[in-house]
Amino acid sequence: MLLVSMGLVDTAVLGRVSVTELAGATIGRSIGFGVASISMGIGMGLEPLASQALGAGETGRAWGALVATLKAIALTWIPVALLGMAITFLLEPMGVAHEITVRARWYLTGQLPGLGLYGAYIAARTYLQAHGNARAALFAALIANLMNWIVCNVLVRGDEALLAVGLPGVGLPPLGAFGAGLATSLAEIVLVGIALYAARARHAGGASEPVLVRTVLAVGIPVGLQLFAELGIFSLVALVSGRLGEVPASAHQVAIGLASFTYMASLGVSAATSVRVGNAVGEGTSPRRVGLLGIGLGGGLQAMSAVVFALFPRQLVGLFSQDARVVDLGAKLVMIAAVFQLFDGVQGVASGALRGAGDVRFAFLANVVAYWAIGLPVALWLGFGLGLGAPGLWGGLTLGLVIVAFVLVARFVVLTRGKIERVEKGRVKPEAG
């Protein structure tokens, strides 16, 4: 949740500066998250490798899996960065206004150093959670968010931010969307540094059993593709919203930022469920009970969020923008988000349960079919065919969420009828260290 709150900081700061800056940052951030989904998936792919190893008492293999995961993520950084920048040159041909496109590209430029760090943090957090130590990752996220809030305000607003708190100006111009992207990258460097330090301290220099990078990729790439299928559809909707104008793009960012923030609670449950399912598989026991318990908890948390969204949509949007047009449209989108919250929580935790069991390909296929083959055509038909605009686009997304939630839960129930084998070990020669 604290990781996603960095995006809410961008929204809150830029939303009070300029609708155009916010619209550009919205698209830039969506592109960044979309292309970074592969490295994020590789980081999440550590869940079955580390948790199953620890369940079997193989602590050295768990550390080796983390090291291999970080190497795999490093290999993806340059391709991810190039892909993200290339996409920005397609925005104007897609109908996105020039002034929004320029700001999207500047935001992504500032964010480039941090694109690979999302996955590195997820990997370090996963390793710590597998050892039952989530506090270090939480502390890292708190420090990074505090830093992001301060730096984002200063870089976005320039000397104006310093003068507002009684500090002397230093000749810093307002950097707008670029400043927000750069602040995120700087905060992510701190975030990953603290988390990796804590992970290394937890390992405490014990025996290490190296794991092949290709083993990590075999698990992580399908997870990354699943994330790409899921985040990609939301990124595409952000791009299409930008084509509708700066107000729909800004309203989309506020609403999706709020929905993503509450979803992080379920994503935390998803990570914990994945670890517990993986532990059970490593121990040779059935993971069904703990998996279904996690799915129920995730759905319950999102149901609570749905009530808040339904009761206070305008007040929530008003926290991030003072533009009446953005507030009006954003409130409608938040009401739709209230509907899909429950299903979003269920599908998120069900995905984690399947990852813990080592079943990483089915969720990818389910997301492709539910979002891209069904949800997207319906979203485009509602948004453009019926002229419903952004609310119509969100209606299609909601349909995809509902379908994937039911399918993933059914898959987990079927999968846990019998004994689940551990993920292929793919060991290399053990070394000390």
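Listed values, structure above:
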{"quantity": "Residue that is surrounded by the most Cβ atoms within 10 Å (Cβ to Cβ) [pool: residues in the range 349-366 that are modelled with pLDDT under 90 and under 22 Å from G395 (Cα atoms)]", "calculated": "A363"}
{"quantity": "Single condition L227 does not satisfy, out of (1) at pLDDT 85 or above; (2) within 25 Å of A104 (Cα to Cα); (3) crowded, with 23+ Cβ neighbours inside 10 Å", "calculated": "(1)"}
{"quantity": "All helices (runs of 4 or more DSSP H) inside the range 316-433 with 3 or more residues being of a type in the set (S, T, N, Q)", "calculated": "324-356"}
{"quantity": "Residues that are among the aliphatic types (A, V, I, L, M), surrounded by fewer than 24 Cβ atoms within 10 Å (Cβ to Cβ) and at pLDDT 85 or above, drawn from the range 200-224", "calculated": "A201, V213, L217, A218, I221"}
{"quantity": "Residues that are under 30 Å from G356 (Cβ atoms) and touching an Asp or Glu at 6+ places or on another chain (Cβ under 7 Å), drawn from the range 82-117", "calculated": "G114, L117"}
{"quantity": "Pick from the range 378-417, criterion surrounded by fewer than 24 Cβ atoms within 10 Å (Cβ to Cβ) and of a type in the set (F, W, Y), ranking: farthest from S250 (Cα to Cα)", "calculated": "F406"}
{"quantity": "Helices (runs of 4 or more DSSP H) wholly inside the range 1-85 containing at least 3 residues that are more than 23 Å from F320 (Cβ to Cβ), of a type outside the set (G, A, S) and over 13 Å from the mean Cα position of the chain (by Cα)", "calculated": "46-55"}
{"quantity": "Filter result (touching a helix residue (DSSP H, G or I) at 6+ places or on another chain (Cβ under 6 Å) and surrounded by fewer than 23 Cβ atoms within 10 Å (Cβ to Cβ)) within the range 283-304", "calculated": "E283, V290, L297, L301, A303"}
{"quantity": "Residue in the range 44-57 that is charged (D, E, K, R) and buried (at least 24 other Cβ atoms within 10 Å of the Cβ) present", "calculated": "yes"}
{"quantity": "Number of positions in the range 276-289 that are over 12 Å from V413 (Cα atoms), of a type outside the set (D, E) and assigned to a helix (DSSP H, G or I)", "calculated": "7"}
{"quantity": "Qualifying residue in the range 246-268 (condition: of a type in the set (G, A, S) and more than 24 Å from the chain's Cα centre (by Cα))", "calculated": "no"}
{"quantity": "Subset tally (residues that are of a type in the set (G, A, S) and farther than 16 Å from T26 by Cα) for the range 78-94", "calculated": "2"}
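The values are calculated or read from the model by the stated rules, or taken from the named source; none is laboratory data. This one's a predicted model, so the numbers in the text were calculated from it and none came from an experiment. Here the Cβ is made from the backbone with ideal geometry for all residues, glycine too, and neighbour counts use every protein chain on show.
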